[in-house]
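The values are calculated or read from the model by the stated rules, or taken from the named source; none is laboratory data. Since the model is a prediction, treat every value here as computed from it, not as a measurement. Cβ sites come from the backbone with ideal geometry, for glycine too, and all protein chains shown count toward neighbours. Surface areas here come from the heavy atoms of the whole protein model, side chains and all, with no ligands, DNA or RNA. Shrake-Rupley method; radii C 1.70, N 1.55, O 1.52, S 1.80 Å.
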Amino acid sequence: MSGNIARNTYKLFVGNLPWTISSKELKSYFSRFGHVANAEVVFDKQLGLSKYYGFVIFSQRDAFNSASNQNTHFLEGRVLNVQRATATQ
């Protein structure tokens, strides 16, 4: 079954995040589209600062499609760069 989960991962890359956004806030924002299985803001491990991007994984295709098909996402006044994540991300 774990192979099935990997094939059905509905993962988005989210760029241009405000530096003030945490993984919890990222998950909260994208939860409006459906159940978020995981949301993670990427941080510089040495400096502890946001790298201004992250990933959101949805548990359902409909939520993933709704989020990825929305033209513009705004969070704290910034326009987010939302794209379907590639296999290497």
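Assorted remarks:
- Here the label points at Ser28 and Asn69, each 7 Å from Cα along the C-beta direction, are separated by 2.8 nm in the simple model.
- Kirkwood Rh and Cα Rg combined as Rg over Rh, evaluated for segment 11-89: 0.94
- Percent accessible area from carbon and sulfur atoms, the chain, protein chains only, probe 1.4 Å: 49 percent
- When shorter helices are ignored and each DSSP H run of at least 4 residues is given -39500 (n - 2.57), the per-residue value for the chain at 222 nm works out to -7000 deg cm²/dmol.
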